[in-house]
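The values are calculated or read from the model by the stated rules, or taken from the named source; none is laboratory data. Since the model is a prediction, treat every value here as computed from it, not as a measurement. We place every Cβ from the backbone using ideal geometry, glycine too, and count neighbours over all the protein chains shown.
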Amino acid sequence: MARSRTHAFALPAALLLGLYLVVLLAPLALAWAQGLPARHWRDELSSALALLAFSGVLVEFLLSGRFRTISGQIGIDATMRVHQLMARAFTVFILLHPFLYVTPFMNRPLPWDETARYTLGLTPTTFLTGAIAWIALMVMVVFAIFREQRSGSYEGWRAAHGFAAVVVAGFGAHHTLEAGRYSAHPWLWWFWILLLAVAAATLIWVYLVKPLLQLRQPFAVRSVEPLGQRIWELSIAPEQRPLDFAAGQFVWLNVGHSPFSLAENPFSIASAPADGDHLAFVIKEAGDFTSRIGGVQPGTRCYLDGPHGHLTIPGSEVPGIALIAGGVGIAPVLSILRQLHHERDERPIVLLYGNRVREQIVYADELHDMQNDLNLQVENALAEPPPDWHGHRGVIDADLLRTILDRPDAKAWRYIICGPQPMIEGVEKTLLSFGVSSGNVISEQFYYD
């Protein structure tokens, strides 16, 4: 799907891909350049998989660091999806690595085998560090895949995930540098040291430098108000400097905890940049933090990591805008509409807003009033409508999209989608079947399994 640009500097997708492939394949090139005698093909395949995997594992630290330079153009959801999928591929590589070898294991090379062609020089220590890294990686990835099926807090899982990643990198580095046939060469040795330094710098940035910077830019809760059925508006204001963001973006929000805490959750900003310094969020009671949102007191200290995201207002070359929201997915859509309202945008705008019941519709009066100032059409849909409901009945599906978006220039419009995963996938599939270019469809998806 398309990615809208924001004010933050971001590397182009093609350049990111090129740099990623260079770093990923560099160990293979440096190993090949050593000109060592070839071993059995299974030995060489095992070493190649290990070199690729360890390089990729270290790059994973960068992918998970929420760097806008990396995710600004491709989207942080796409960045995290690459992080997920590549971690699984590298895990398969590492899983196969010890079982592919046909060369025997020995504590030290044979005196006449200076290139370690006929033996694997594993000491008890390097065998142990390799085994620890191997097991830690398997456990880490399996727990990540099935995280949603497990009980326990997100903060606890995140801490365990980070600790396991450090174990994999640390013990894997010892195994690679001490036992690797190719990694003993200075070129490759220094390459690993450089990647390890980058991974360590990422950890320092995420867990030390960034929280220290957040301490300098605290926010405080201004109000917590009920909006609908188990839905609240949390409004916060800066104590120092306001947040510079684009309408439609989101932040990781930490309410009532130290910035060094892992207790943060991603929420889209519902207010517009033109609304002033305060930020508003639409939050539904669902998890550990959100189930207690109604009890948050005004004045509670908050910290933000952001802004992130690409659900932003398209340029003037786009003839019309369709905003498709499900549930609390209305938050970034509200931010966009409010900014368009401030700017007196004259383009045709359609809002399709789906909920389960009427009590979940938020800001109904504001959306109604916006239609007086904008060329805006608001269409509500309820999956479980009451008998007196006069809006659309059912979910946002192909029939509803076809009815509302039957316009001559509809294929050139920009479609911004936010809501539950099944809704996003269904709407995207329908729009593409209507002939809308994927470049005109924008969404953010953070749940994949």
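Being within 20 Å of the chain's Cα centre (by Cα), at pLDDT 95 or above and more than 21 Å from S71 (Cβ to Cβ) is a property that A270 has.
For segment 269-280, state whether one or more residues are in contact with a strand residue (DSSP E or B) (Cβ under 7 Å, 6 or more places away or on another chain), polar (S, T, N, Q) and outside the structural domain of S153 (by TED's automatic domain parsing). Yes, segment 269-280 contains a residue that is in contact with a strand residue (DSSP E or B) (Cβ under 7 Å, 6 or more places away or on another chain), polar (S, T, N, Q) and outside the structural domain of S153 (by TED's automatic domain parsing). Of all residues in segment 225-271, those being under 21 Å from P211 (Cβ atoms), of a type in the set (S, T, N, Q) and in a strand (DSSP E or B) number 2. Evaluate segment 54-70: report whether one residue or more is farther than 21 Å from L15 by Cα and in contact (Cβ under 8 Å) with a residue 12 or more places away in the chain. Yes: one or more hits.
Here A270, A220, A197, A246 are screened, and the one residue that is closer than 30 Å to L128 by Cα and either surrounded by 20 or more Cβ atoms within 10 Å (Cβ to Cβ) or aliphatic (A, V, I, L, M) (or both) is A197. If you go through segment 244-261 and keep only what is under 23 Å from S71 (Cβ atoms) and in contact with a Ser or Thr (Cβ under 9 Å, 6 or more places away or on another chain), you end up with F245, A246, A247, G248, Q249, F250, V251, N254. Answer yes if at least one residue in segment 341-357 is part of a loop (DSSP other than H, G, I, E, B) and within 19 Å of Q421 (Cβ to Cβ), and no otherwise. So far as segment 341-357 goes, yes, one or more of its residues are part of a loop (DSSP other than H, G, I, E, B) and within 19 Å of Q421 (Cβ to Cβ).
Among all residues of segment 176-184, there is none that is more than 20 Å from L49 (Cα to Cα) and among the hydrophobic types (A, V, I, L, M, F, W, C). Restricting segment 328-365 to residues that are touching a residue at least 24 places away in the same chain (Cβ under 8 Å) and among the acidic types (D, E), the residue that is surrounded by the fewest Cβ atoms within 10 Å (Cβ to Cβ) is E346. On inspection, G287 fails the criterion of being in a loop (DSSP other than H, G, I, E, B) and crowded, with 20+ Cβ neighbours inside 10 Å. When restricted to residues that are surrounded by fewer than 18 Cβ atoms within 10 Å (Cβ to Cβ), under 17 Å from W190 (Cβ atoms) and in contact (Cβ under 8 Å) with a residue 24 or more places away in the chain, segment 27-51 contains 3.
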